[in-house]
Amino acid sequence: MSDHPHAPEVHLASVGTALPGDPVDNAELARVLGANEEWIEMFIGTRTRHFARDLKTGTVRWSLADLCAQAAERALAAADVDPGDLDFVVLGTATPDTLMPATVNNVVDLLGLDQVPTFQLQSGCAGAVQALSLGRTLIASGEYRTGLVIGGDVCSKHLDVDRDLTKAAPSDLVNFVLFGDGAGAAVLTDEPRGARVVLRHVLNRFTGLGRTPGQVIEWFGLADRHDDRQALTEDYKAIEEHVPVMAVEILWELLGELDWSRQEVDYILPPQLSGRMTRKITEQLNVPTAVEISCVADTGNNGNALPFLQIERLLEKMSDGQKALAVAIESSKWIKAGFALEKI
């Protein structure tokens, strides 16, 4: 459904991000996992990633809440917004620190806030876009003026680096080399400030009716924690087949909703699955006039942090009047997502 023509504008004032520790390159990752460095380079195409825990000792150095709070503080500082002026906080994540309390509430506590509405959305790669959608809706309602939207994931908590991976199935091994950890945050406002970027449109739509999930992350409780099920499975062939097609569909749907031509788009933020997949998707999106904004080859796939990492790079380049489109896809049960930004 198109936005109402008289709906109030919602502005993105700033973005902040947080990546844990030093980057881990493919040589180091291959040594730790006993994997083939060349296979990582060729099959994944990601050069470095960041982890919230020490790969050698398994010691957790940062929680998701820690990373989200760091990103939030940087976003607030960049927008010159006092934490006490926030009317709400939304977090999108697939990897909360605990089932309860919700991680968003620990983030708010770390920010020194109280008596503020909080929301947590459980989602994979579309979670950050869903959080932007909710934040935009809350401000457009007229009830709220300033909000903080966060996305982040600590994927390494699901990976057992002590396992012998020499005989691991490709659908299992890929998860050890594909993912990283990180967080990002954006300040949304009801009037222009900071970066002076308008959040023109947000797309968030489930499209997985009757479709087999492309990714499954199991949750093990006390009753089944010793189950021999694979904790994280990825149908990489299905993802490789369907995601580029869905990305093109999203691009044209966004253009149609906005009544923009393809030639008007100055920047394209493609899905950030891996360095290799992102290159393939960008080629199929075929927006030759647009500059690609990608980060996954350097950051790893850190889930809901990725759109904010992309926006951070975008804001360094964007000039008045320029337009950007972002495309995101969640393959766990197939969600189409995306958003449009315009600098005023």
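The values are calculated or read from the model by the stated rules, or taken from the named source; none is laboratory data. Keep in mind the model is a prediction, meaning the values are calculated, not measured. Note: ideal-geometry Cβ built from the backbone for every residue, glycine included; neighbour counts use all protein chains shown.
Couple of notes before you dig in:
- Residue in region 186-193 that is under 30 Å from Lys343 (Cα atoms) and in contact with a Ser or Thr (Cβ under 6 Å, 6 or more places away or on another chain) present: yes
- Any hit, region 154-170, residues being outside the structural domain of Gly303 (by TED's automatic domain parsing), under 21 Å from the mean Cα position of the chain (by Cα) and at pLDDT 95 or above: yes
- The number of residues in region 130-153 being in contact (Cβ under 8 Å) with a residue 12 or more places away in the chain, under 20 Å from the mean Cα position of the chain (by Cα) and surrounded by fewer than 21 Cβ atoms within 10 Å (Cβ to Cβ) comes to 1.
- Any hit, region 84-95, residues being of a type in the set (Val, Ile, Thr) and farther than 28 Å from Val327 by Cα: no
- Residues of region 251-271 that turn out to be crowded, with 20+ Cβ neighbours inside 10 Å and in a helix (DSSP H, G or I), as a count: 2
- Filtered residues of region 233-250 (kept if within 18 Å of the chain's Cα centre (by Cα) and part of a helix (DSSP H, G or I)): Ile239, Val243, Pro244, Met246, Ala247, Ile250
- Count of region 5-19 residues, restricted to those that are in contact (Cβ under 8 Å) with a residue 24 or more places away in the chain, out of contact with any helix residue (DSSP H, G or I) (no Cβ under 6 Å at 6 or more places or on another chain) and not aliphatic (A, V, I, L, M), is 2.
- Unmet requirement for Asp97, which otherwise passes all of (1) in a loop (DSSP other than H, G, I, E, B); (2) free of Cβ contacts under 8 Å to residues at least 24 places away in the same chain; (3) within 21 Å of the chain's Cα centre (by Cα): (2)
- Single condition Val177 does not satisfy, out of (1) aliphatic (A, V, I, L, M); (2) at pLDDT 95 or above; (3) out of contact with any strand residue (DSSP E or B) (no Cβ under 7 Å at 6 or more places or on another chain); (4) surrounded by 21 or more Cβ atoms within 10 Å (Cβ to Cβ): (2)
- Candidates Arg47, Arg53: the one that is in contact with a strand residue (DSSP E or B) (Cβ under 6 Å, 6 or more places away or on another chain), surrounded by 14 or more Cβ atoms within 10 Å (Cβ to Cβ), within 30 Å of Ala168 (Cβ to Cβ) and modelled with pLDDT under 95 is Arg53.
- Some residue of region 91-98 being modelled with pLDDT of 95 or more, in contact with a Pro (Cβ under 7 Å, 6 or more places away or on another chain), within 23 Å of Asn175 (Cβ to Cβ) and not assigned by TED's automatic domain parsing to the domain that holds Asn301: no
- Residue among Arg229, Arg211 that alone is at pLDDT 95 or above, farther than 19 Å from Gly127 by Cα and either over 21 Å from the mean Cα position of the chain (by Cα) or loosely packed, with under 12 Cβ neighbours inside 10 Å (or both): Arg211
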